[in-house]
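Trainee: Here's a structure for you.
The values are calculated or read from the model by the stated rules, or taken from the named source; none is laboratory data. Since the model is a prediction, treat every value here as computed from it, not as a measurement. Using ideal geometry, Cβ is built from the backbone for each residue, glycine included, and neighbour counts are taken over all protein chains shown. Only protein heavy atoms, including side chains, enter the accessible area calculation; ligands, DNA and RNA are left aside. Shrake-Rupley method; radii C 1.70, N 1.55, O 1.52, S 1.80 Å.
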Amino acid sequence: MYALKERYKQEIPRELAEELGITNPHLLPKLEKVVISVGAGEYAKEAKIMQNIADTISLIAGQKAIMTKAKKSVAGFKMREGMPMGVKVTLRNNNMFNFLEKLIVITLPRVKDFRGVPRNGFDGRGNYSFGLTEQLMFPEVVYDDILVTHGMNITIVTSAQDDKEAFKLLELLGMPFAKRR
């Protein structure tokens, strides 16, 4: 599954340079990493569920996920320092391209009534974030192995200077953005 990576190296730089008017190839926006994260919420105290979430995210990403721990104790949230609070995995290079290709080509089209990912997920610095409501849309996930359904946040980090450049890069990669109304 390296069709996206090949296209990213061969065709996209030429198209980006044309559309953005950038002549120096080193100034073209590039993909840096993809971060997948899950906040545990009320399941943070249950080790078995936390491990199941970590295993599921590892299966989806193709790389071992790590558990994030609380940095401070907060009595209002019944949270102690060092307690597991979520799961995350950072993808780079081949794993990043495999995940993005699987997401764009296989997973998102499987979503019922899918109208595209929101256009307003940019942060002003060229990074794009969006959320998925459940992990069952990924083909690797077996329903019987899941203890709880959970969503996830996906952040695509680029070297783009602004949102316009990042949008163009992701659009050329094939990210299915929602149509403007």
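Trainee: Run the numbers on segment 123-181 and let me know its relative contact order in percent, using alpha-carbon pairs under 8 Å that are six or more apart.
Mentor: Numbers: 63 pairs, mean separation 25.2, N = 59.
Relative contact order of segment 123-181: 43 percent.
Trainee: Out of GLU18, GLU101, GLU140, any idea which swings most in a Gaussian network model of the chain, alpha carbons joined below 10 Å?
Mentor: GLU18
Trainee: Further question: Under a point spin-label approximation (7 Å from Cα along Cα-to-Cβ), what is the ASP55-PHE77 distance to one decimal in nm?
Mentor: Calculated label separation equals 2.7 nm.
Trainee: If you don't mind, another one. What 222 nm value per residue comes from the helices of the chain, counting each DSSP H run with n ≥ 4 as -39,500 (n - 2.57) and dividing by all residues, nearest 500 deg cm²/dmol? The partial results should precede the final answer.
Mentor: Working: 5 runs with 53 residues, N = 181.
Helices in the chain give a 222 nm mean residue ellipticity of -9000 deg cm²/dmol.
Trainee: Over every pair of different alpha-carbon atoms in segment 2-173, take the mean of 1/r and invert it; report that Kirkwood radius in Å.
Mentor: Working: mean 1/r = 0.0571 Å⁻¹.
The Cα-based Kirkwood calculation yields 17.5 Å.
Trainee: Taking the Cα centre of segment 2-173 as origin, sum charge times position over the Cβ atoms of Lys and Arg (+1) and Asp and Glu (-1), and report the length of that vector in debye to the nearest 20. Write out the running numbers ahead of the final one.
Mentor: Details: 24 positive and 21 negative charges, 117 e Å.
Using only the charged Cβ atoms, the result is roughly 560 debye.
Trainee: Same structure again: Averaging over every viewing direction, what projected area does the convex hull of the Cα atoms of segment 72-132 cover, in nm²?
Mentor: Working: hull surface 28.6 nm².
That works out to 7.1 nm², a quarter of the Cα hull's surface.
Trainee: In the chain, carbon and sulfur make up what percent of the accessible area (probe 1.4 Å)? Before the final figure, lay out the partial values.
Mentor: Numbers: 5380 of 10730 Å².
Ligands and nucleic acids excluded, carbon and sulfur give 50 percent.
Trainee: Further question on the same structure: For Cα pairs less than 8 Å apart in space and 6+ apart in sequence, what is the mean separation divided by the residue count of segment 1-153, i.e. the relative contact order in percent? Intermediate results must be reported in sequence, preceding the final value.
Mentor: On the way: 191 pairs, mean separation 37.2, N = 153.
Result for segment 1-153 is 24 percent.
Trainee: How much length is gained if the chain between SER159 and GLN10 is pulled fully straight, taking 0.36 nm per residue apart and subtracting their Cα-Cα distance, in nm to one decimal?
Mentor: 51.8 nm
Trainee: Between ASN94, MET152, ALA178, whose Cα lies farthest towards the positive end of the dipole of the chain when Lys and Arg beta carbons carry +1 and Asp and Glu beta carbons carry -1, centred on the Cα centre?
Mentor: Checking the options against the dipole of the chain, the answer is MET152.
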